[in-house]
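K.L.:
Would you mind keeping the following structure in view while I ask a few things?
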Amino acid sequence: MKKIYLIMMAAIMSLMGSLAFADFKPAVIYDMGGKFDKSFNEGVYNGIKRFTDETGIAVMEFEVTNEAQRQQAMEKMIQRGATLVLGVGFAQADAIDKVAAANPDKMFSIIDVNWLDRPNLRQYTFKEEEGSYLVGMAAAMASETGTVGFVGGMDIPLIRAFQCGYEQGVMAVNSSATVLSNMTGTTPAAWNDPAKGSELTQSQIDRGADVVYQAAGGTGAGVISAAVDAGKLAIGVDSNQNHLAPGSILTSMLKRVDVAAYNTMKDGLSGDFNVGVQTLGLAEDGVGWSLDEHNASLISDDMKAALDSASAKIISGEIDVHDYRSDNTCSM
């Protein structure tokens, strides 16, 4: 009898699990640049793919090509039965706020937002300044000219935080270094302008920069190509971009949006979907720097030791990396 009971209970639990899988219908709205932008959106895609590969659950997707589509896409996903919607990027904040308010029985999540207040919304922010500090150190140690560059995408506090963290890392290694900085533009088009990225990078190289860090979404492809063509080094961002130009990309600042996307889906499926703001830094493995076969020849043992030491000190609080967004200044 006990064996029969256990078999029955196992069957019931299996059925409940199957029902839970059937009832869970997740969706993701990628922002402009598309899910294969080799940067921010693609990082999210990698997290989504990992979830689907592990669970077999398909995630409905939409790739935004203009601003008006954001809210429409979210509403369309709800109409199609979505129980959880993930919005990619701060530009989707207004849209997800409205759709979450109109659908209190659904789950919502958004990356790079921390100012909304909905009881059914999870928000993710990152300590980009911490990871940027580390790649700034790497840039300063690799530079032969003492001049390095930064090319940002849209000129907003978020990208200024990348820039400020980078500058702090550079100066920690070489206080007499020069950091040349440019933003690509002031509209969302700045995220997808490789030609402009190439032009800005070439200008910085002409002024002596031999390492250029890009935090510019799809525009970053132009930054990397210009650095490669000039025989200089680039630094990637968000995803590990080392493979895009082996031997020419010093490292990449990892912003683990893949972790945020994967955790969102996993927690939604398990019923452990906590709302509110989650902030991911070095301590949470939310940011970092990349080392693999594509850049191993560029990172010396001394450089790796210095970056590992700084990372530990940032986590412990011994090194305090200033966040530009805290006061809209870059304090060193």
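A short reminder: the numbers here are calculations on the coordinates, not readings from a lab. Every value quoted in this text rests on a predicted model; they were computed, and no experiment measured them. Ideal geometry is used to build each Cβ from the backbone, glycine not excepted, and the neighbour counts take in all protein chains shown.
K.L.:
Angle between the Cα long axis of helix 69-79 and the longest principal axis of the chain, 0 to 90 degrees, nearest 10?
P.N.:
That works out to roughly 20 degrees.
K.L.:
Debye calculation, C-alpha points only, no solvent: report log10 I(q)/I(0) for segment 91-241 at q = 0.08, 0.14, 0.15, 0.16 Å⁻¹, in the same order as the q values.
P.N.:
Listed by q, the Debye log ratios stand at -0.26, -0.67, -0.74, -0.81.
K.L.:
Right, another one. HN-Hα J couplings of segment 85-98 from phi, Karplus 6.51/-1.76/1.60, θ = phi - 60°, integer Hz, Gly and Pro as x?
P.N.:
Karplus values, whole Hz, x for Gly and Pro: 10, 9, x, 9, x, 4, 5, 8, 4, 4, 5, 5, 4, 5.
K.L.:
Provide the percentage of antiparallel DSSP beta bridges, counting only those with both residues in the chain; round to the nearest 5.
P.N.:
Beta bridges within the chain, antiparallel portion: roughly 5 percent.
K.L.:
Picking from I205, I235, I315, which is most flexible by a Gaussian network model of the chain using Cα springs under 10 Å?
P.N.:
I315
K.L.:
So if each residue of separation counts as 0.36 nm, and I subtract the Cα-Cα distance between S176 and T55, what length gain in nm does that give?
P.N.:
Stretched fully, the S176-T55 segment lengthens by 38.4 nm.
K.L.:
I would also like to ask the following. Need the list of aspartates and glutamates near K35 for cross-linking: C-alpha distance under 19 angstrom, and skip anything on the same chain fewer than eight residues off.
P.N.:
Partners within reach: D53, E61, E63, E67, D112, D193, D238, D258.
K.L.:
Next question. Looking at segment 174-332, what % of its DSSP beta bridges pair antiparallel, to the nearest 5?
P.N.:
Once the DSSP bridges in segment 174-332 are tallied, antiparallel ones form about 25 percent.
K.L.:
For the chain, count all C-alpha to C-alpha pairs, find those more than 33 Å apart, and express that count as a whole percent of the total.
P.N.:
Every Cα pair in the chain considered, those over 33 Å come to 30 percent.
K.L.:
Here's a follow-up. For the chain, what is the calculated [θ] at 222 nm in deg cm²/dmol (nearest 500), taking -39500 (n - 2.57) for each run of four or more DSSP H residues and dividing by its residue count?
P.N.:
-14000 deg cm²/dmol
K.L.:
Still on this structure, please answer the following. Consider just the alpha-carbon atoms of segment 254-316 and return their Rg together with their Dmax, both in angstrom.
P.N.:
Rg and Dmax of segment 254-316, Cα atoms, are 15.6, 45 Å.
K.L.:
Gaussian network model of the chain, Cα springs within a sub-10 Å range: biggest mean-square fluctuation belongs to which of G81, G33, G220?
P.N.:
G81
K.L.:
OK, next. Of all GluC sites (Glu not before Pro) in segment 253-332, which ones are in loop regions per DSSP and have a Cβ with at most 11 other Cβ atoms within 10 Å?
P.N.:
E293, E318
K.L.:
Continuing with this model, one more query. How high is the FRET efficiency from D105 to D292, r the C-beta distance, R0 41 Å, rounded to 0.05?
P.N.:
Efficiency, rounded to the nearest 0.05: 0.40.
K.L.:
Fewest first, what order do S239, S309, S143 take by the number of other Cβ atoms within 10 Å?
P.N.:
Lowest to highest Cβ neighbour count: S309, S143, S239.
K.L.:
Still on this structure, please answer the following. Quote to one decimal, in nm, the extra length available between K313 and E199 on full extension: 0.36 nm per residue of separation minus the C-alpha distance between them.
P.N.:
Values: separation 114, 0.36 × 114 = 41.04 nm, distance 3.67 nm.
Length difference between fully extended and current span is 37.4 nm.
K.L.:
Additional query: Using the count of nearby Cβ atoms within 10 Å as a rough guide to exposure, how do S39, S270, S248 rank from fewest to most?
P.N.:
S270, S248, S39
K.L.:
Are there GluC sites (Glu not before Pro) in segment 118-169 that DSSP marks as loop and that have at most 11 other Cβ atoms within 10 Å, and which are they?
P.N.:
Qualifying residues, ordered by number: E144.
K.L.:
If you don't mind, there's one more thing I want to ask. May I ask for the net charge around V211, where only other residues with Cβ less than 11 Å from the Cβ of V211 are counted and Lys, Arg are +1 while Asp, Glu are -1?
P.N.:
Once all neighbours under 11 Å are counted, the net charge is -1.
K.L.:
Could you please report the charge total around G222, scoring K, R as +1 and D, E as -1 over all other residues with beta-carbon less than 15 angstrom from its beta-carbon?
P.N.:
-1
K.L.:
Shifting gears a bit: Among K76/K127; K25/K76; K76/K266; K38/K196, which pairs are too far apart, with a Cα-Cα distance over 25 Å?
P.N.:
Where the Cα-Cα span goes over 25 Å, the pairs concerned are K76/K127.
K.L.:
Read phi for every residue in segment 134-142 and hand back ³J(HN,Hα) as whole Hz from Karplus 6.51 cos²θ - 1.76 cosθ + 1.60, θ = phi - 60°, with x for Gly and Pro.
P.N.:
Listing the rounded values in order: 5, 6, x, 4, 4, 4, 5, 6, 8 Hz.
K.L.:
Please order R118, R70, R80, R160 by the number of other Cβ within 10 Å, starting at the fewest.
P.N.:
R80, R118, R160, R70
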